[in-house]
Amino acid sequence: MGLVTEESIEVGALKWFYRQAVPEAETEKPPILLLHGIPSQSYSWCEIMPKLAEQGFRAIAPDWIGHGFSSYPQKREFAYTPDAYIEALGALIDALELGTVSLVVQGFLGSVGLQYALRNRDRIDRLAILNAPLSPAAKLPWKMKQWGIPFMGDMVTQDPLLVDRTLEGGSGFVISDANLDVYRKPFLTTSSVGRSLLATTQKLNLPQATAEIAAGLPNWEKPTLIVWGCADPWLSVEAAETLAKSNSNIELVKLKEAKHYPQEHWSAEIAPTMLDFFRRQAG
């Protein structure tokens, strides 16, 4: 029970790596798809996924294309734009035959997950958001913005230590060497992952993405949970507070001391909150 396995699936020309935790018994509960931010991986959900499976939810966490252990296509093969990611995510959900899913998003690539949800409302059972850009006030921090700058980004994204600096800077915790080994491994294995990170950063188009999110979520009709690390150095809680006040379908839980990557270091606090939300809504 609670074992997280490592899987991969070919979807067209792309290979998706994903982790999953499967409940012991067959269940009709919608699977839960957990999407990581940058420069993280699906590994960031490994503390929470077994707890979801123990309560009867199939939990699937993919590495985004160009990140972690998924494919690192060249730009001529994959555009790295939000639209390209949204299309690829839809194809993955179809290939895994997931049907309707509950979606959990975190971080700056969480904007892509939110755009997917807004454009595919019939595929989403419920939504959980952890520290993701919600309004046009959200900006990439300099630590990430420099990844997309020509020449500078080419060098910075080839440095495996960017993972340490970013994940520790955003979380406020020293990450164990064993965990850092997982996050660093792609950067130590191939230069392609750095080029993919550069392309993702350049093409993220956060102003357009957040405008779509800010316009869509106040009218969102699906049950939604926002869990927010209020000490996030990069994203203010104010956008989450404003959003929750604007829509009675949105519930906000604030973690006073948590920062940008709360699922890793505050999983003991987050898991019960998420489980209560998913169980309550699933009936």
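Values in this text are rule-based calculations from the coordinates and carry no lab data. Just so we're clear, the structure is a prediction, and the values are computed from it rather than from any experiment. All Cβ positions, glycine included, derive from the backbone under ideal geometry; neighbour counts span all protein chains shown.
Going by Cα centres, the range 217-283 and the range 101-117 are how many Å apart?
About 13 Å separates the Cα centre of the range 217-283 from the one of the range 101-117.
In debye, nearest 20, what is the charge dipole magnitude of the chain about its Cα centre with +1 on Lys and Arg Cβ and -1 on Asp and Glu Cβ, if you could check?
Taking the Cα centre of the chain as origin, the dipole is about 640 debye.
Given the options Leu162, Leu114, Leu127, which has the most mean-square fluctuation in a GNM of the chain, springs set between C-alpha atoms less than 10 angstrom apart?
Leu162
In straight Cα distance, which lysines are under 25 Å from Lys222, not counting same-chain residues fewer than 8 positions off?
By straight Cα distance, Lys222 reaches Lys29, Lys51, Lys245, Lys254.
Can you find, among Leu35, Ser8, Val22, the residue sitting farthest towards the positive end of the charge dipole of the range 1-50, where Lys and Arg contribute +1 and Asp and Glu -1 at Cβ?
Ranked along the dipole, the leading option is Leu35.
At most 12 other Cβ atoms within 10 Å and a DSSP loop assignment: could you name the trypsin sites (Lys or Arg not before Pro) in the range 55-91 that fit?
Arg76
Just one of (1) 1, 6, 12, 16, 16, 14, 11, 8, 6, 4, 3, 2, 1, 1, 0, 0, 0; (2) 1, 6, 13, 18, 21, 19, 13, 7, 2, 0, 0; (3) 1, 5, 12, 16, 18, 17, 14, 10, 5, 2, 0 is P(r) over Cα pairs in 5 Å bins from 0, in percent as worked out from the coordinates here. Which one is it?
So the calculated entry is the one marked (2).
Which value, in debye to the nearest 20, describes the size of the charge dipole of the range 188-266 about its Cα centre when Lys and Arg Cβ atoms bear +1, Asp and Glu Cβ atoms bear -1, and nothing else is charged?
Dipole magnitude for the range 188-266 comes out near 200 debye.
Between Glu77 and Lys203, what FRET efficiency follows from the Cβ-Cβ distance if R0 is 22 Å, with the result rounded to 0.05?
Approximately 0.95, to the nearest 0.05.
In the chain, what percentage of the DSSP-assigned beta bridges are antiparallel, given to the nearest 5?
Of the beta bridges lying entirely in the chain, close to 35 percent run antiparallel.
Taking the alpha-carbon distance from Lys143 and a cut-off under 19 Å, which lysines remain once sequence neighbours fewer than 8 residues away in the same chain are dropped?
By straight Cα distance, Lys143 reaches Lys203, Lys259.
For the pair Ser176 and Glu251, how long in nm is the line joining their label points, each one 7 Å along Cα→Cβ?
It is 3.1 nm.
In the range 1-159, what percentage of the DSSP-assigned beta bridges are antiparallel, given to the nearest 5?
Percent antiparallel among DSSP bridges in the range 1-159 is about 50.
Check which residues have an amide H placed less than 5 Å from Val101's amide H, if you skip close sequence neighbours.
Residues meeting the amide H criterion: Ile124, Asp125.
Filter the GluC sites (Glu not before Pro) in the range 234-276 down to the DSSP loop ones having no more than 16 other Cβ atoms within 10 Å, then list what survives.
Sparse-neighbourhood loop GluC sites (Glu not before Pro): Glu257.
How large is the charge dipole for the range 85-143, taken about the Cα centre, if only the Cβ atoms of Lys, Arg (+1) and Asp, Glu (-1) carry charge, to the nearest 20 debye?
That gives a dipole near 360 debye.
List the GluC sites (Glu not before Pro) within the range 87-172 that fall in a DSSP loop (any state other than H, G, I, E or B) and whose Cβ has at most 12 other Cβ atoms within 10 Å.
Glu97
Just tell me which lysines come within less than 18 Å, Cα to Cα, of Lys15; anything on the same chain fewer than 8 places away is out.
Lys75, Lys185
With a point put 7 Å past each Cα toward its Cβ, work out how far Thr5 is from Arg280 in nm, to one decimal.
Result for the modelled spin labels: 3.3 nm.
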